[in-house]
Amino acid sequence: MEIPVLKRINIEPYTNYDALKEIARHLDTIEFRKVKTRYGGDHWSAVSYYGYGNDPWDILKPGVLKSGISEDAVLQHTTLKEEEVMEPIEEILKKIPAKFDRVRFMFLKAGTVVGKHTDKVDKDIGLELGKIIRLHVPIRTHSEVKFNVWNGKTKETLIMVEGQYYYIDATKSHSVENNSDVDRIHLVADCHCDDTLKNLVINDSSF
């Protein structure tokens, strides 16, 4: 069986779209922190919902990109969880059968691109048991936002939909094109890979 590099996975979508709009509107009022990479310029940024500190700006993790985060740092919810508008995020995350590492909101400004890159700087990423699988749930997106992943020389492109769950193989080269006039926001959950989650990614063929 061919291992997918980009797919919608069979988790019941979150369909309270009014709640997603409220979350996006609230996040628009928050200053995001620039993602530390040369591929996204000033237009790719993030805040943490669950991370290595209680400040939403604590988007980094120990041992990645010279983060300076102590190896003794403990994963915890940030102050975002305390905000009433964020209550639906727990419902969204509970649908994922996994233990979490970082959970962040990733923001990509309208009319911008995240260039082709891999996430191999994080040695924990991978589909092997015990490693981390990266799942995306769009909070606000648009039909002109394209997620691309290269499987060897073949480029696979997916238009993601709000409230649905997607797997990407972040060890492969990937890019994002926001060709819309909407600032895209994804909930990106780093999930510890176990048999249940791996089977959901590899074996489910309903989509």
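The values are calculated or read from the model by the stated rules, or taken from the named source; none is laboratory data. Please read these numbers as outputs of a predicted model, since none were measured by experiment. All Cβ positions, even for glycine, are placed from backbone atoms using ideal geometry, and neighbour counts span all protein chains on display.
When every residue of region 89-106 is checked against the conditions, none turns out to be over 26 Å from Leu129 (Cα atoms) and in contact with a Leu (Cβ under 9 Å, 6 or more places away or on another chain). Determine if region 66-84 includes at least one residue that is without any contact (Cβ under 8 Å) to a residue 24 or more places away in the chain, under 24 Å from Gln164 (Cβ atoms) and not in a loop (DSSP other than H, G, I, E, B). Scanning region 66-84 turns up no residue that is without any contact (Cβ under 8 Å) to a residue 24 or more places away in the chain, under 24 Å from Gln164 (Cβ atoms) and not in a loop (DSSP other than H, G, I, E, B).
Taking the conditions exactly as written (part of a strand (DSSP E or B), of a type outside the set (S, T, N, Q) and either in contact with a Phe, Trp or Tyr (Cβ under 8 Å, 6 or more places away or on another chain) or more than 22 Å from Lys61 (Cα to Cα) (or both)), does Lys172 satisfy them or not? Judged against the criteria, Lys172 is not a match. The C-beta contact set for region 98-118 (first residue at positive phi and modelled with pLDDT of 95 or more, second residue assigned to a strand (DSSP E or B) and buried (at least 17 other Cβ atoms within 10 Å of the Cβ), distance under 7 angstrom, 6+ apart or interchain) comprises Gly111/Asn178. Based on this model, can you work out whether Leu200 counts as out of contact with any Gly (no Cβ under 6 Å at 6 or more places or on another chain), assigned to a helix (DSSP H, G or I) and either more than 11 Å from Val5 (Cα to Cα) or not hydroxyl-bearing (Ser, Thr, Tyr) (or both)? Taking the combined requirement at face value, the residue satisfies it. Looking across His43, His26, one residue alone is farther than 15 Å from His136 by Cβ, surrounded by 15 or more Cβ atoms within 10 Å (Cβ to Cβ) and either out of contact with any Pro (no Cβ under 9 Å at 6 or more places or on another chain) or in contact (Cβ under 8 Å) with a residue 60 or more places away in the chain (or both). It is His43. Look at (1) in a loop (DSSP other than H, G, I, E, B); (2) at pLDDT 95 or above; (3) surrounded by fewer than 19 Cβ atoms within 10 Å (Cβ to Cβ) and you find that Leu129 fails only one, number (2).
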